[in-house]
1. Would you calculate the convex hull of the Cα atoms in the chain and tell me its volume per residue in Å³?
2. Kindly identify the stretch 1-93 as rounded, prolate or oblate by the Cα gyration tensor criterion: order the square roots of the eigenvalues as a ≥ b ≥ c, call it rounded if a/c is under 1.5, otherwise compare a/b with b/c, prolate if a/b is larger, else oblate.
3. Give the distance, in whole Å, between the Cα centre of the stretch 213-271 and the Cα centre of the stretch 119-195.
4. At a 10 Å Cβ-Cβ cut-off, how would you order 260, 355, fewest neighbours first?
5. Quick check: the angle from helix 392-410's long axis to the longest principal axis of the chain, C-alpha only, nearest 10 degrees?
6. Considering only 14, 42, 33, give the residue with the highest GNM mean-square fluctuation for the chain, with springs between Cα atoms whenever their separation is below 10 Å.
7. Averaging sequence separations of C-alpha pairs under 8 Å and six or more residues apart, then dividing by the length of the stretch 117-194, give the relative contact order as a whole percent.
8. Among 213, 1, 84, 294, which comes first, then next, by fewest other beta-carbon atoms within 10 Å?
């Protein structure tokens, strides 16, 4: 029997594959002896949505949120349990209310990162608000859309300031493209962003706590083929910068379960998107990298609840801005200072020591699970739920082959 039991809440939308994987791995992990000498067991519970009294005490110590970026009722519950009950949330609901890119662009530009030139343009169509006509007539200044685009240069991208999953993103090559995309934007608020042409690699880095996996991403491919298994597609210098940017973004905003997209040309890294409230961790997307994601999520959540790590709602922006404003520091020196601040936030050394001492069996647990019939059954059921019947055999073979490649690599 465990001396202490911790409850992790899973606030979910339509996904079922990774939650089942996470639940299975927690069961297999069983009890963990913590630094306090006590036996700790962690229990996952799927969160239901219902009326809540603001003085109710939640049963959860930590909640993994995959829903509140669009569903307002649980979003307000998350704010309540963070402010009143000290429940640990992997992503702060106060800096991550929605998949909003604008503040993230501003902050990282302020830190001197190589974010492409970006302009926010007014709504194309009037808002459904009775005050719109008066305010627009009095205060909205006419602007030249073509001149604004020309100041950035073609080609460029038009993208929603708060979007996700590539919805509403258009590559603009001409004035005709520009007007067509702007007309179609309607009441969506849009950015115009310079394109990084002739890049060598598109990197998507998934970060969970202080662990980061950098993957080669192919956005023009269907989801099952977007993550290419390639361990050497970046130079050591560029790879380390992608990792640093990912962790700095997350530490800055208090995000601990997030993905970052960067375009890499030579050793130059251009971060273009790094606010993903619901990062892709689907089995049929990550495939080869899925076991790593589940391992990292297991380790970080268990570390947080067993050590009593407290959520940090306050941000240390002044510490980052002091580095940004120091004229004596070069760009690499600033990155190193930012990385030190991020590592301090994530308690990297303490986390590594905890994993080495208290979670040393996790890699073996994950390997045994991935090679088990339980995982094979999960994969079959996920493929059947995701693809039409006539494609089941093809995709089952596809994903089985990628998982087999991961298994072989663990035995090298």
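We did not get these values from a lab; they are worked out from the coordinates using the rules stated. A quick note: this is a predicted structure, and the numbers were derived from the prediction, not measured. Note that we place each Cβ from the backbone using ideal geometry, even for glycine, and neighbour counts take in every protein chain shown.
1. Values: hull volume 75.0 nm³, N = 412.
In the chain, the Cα convex hull volume per residue is 182 Å³.
2. Values: a/c = 2.41, a/b = 1.42, b/c = 1.70.
Since a/c reaches 1.5 but b/c is at least a/b, the shape of the stretch 1-93 is classed as oblate.
3. Their Cα centres are 27 Å away from one another.
4. 355, 260
5. 70
6. Evaluated over the chain, the most mobile residue of the options is 14.
7. That works out to 49 percent.
8. 1, 84, 213, 294
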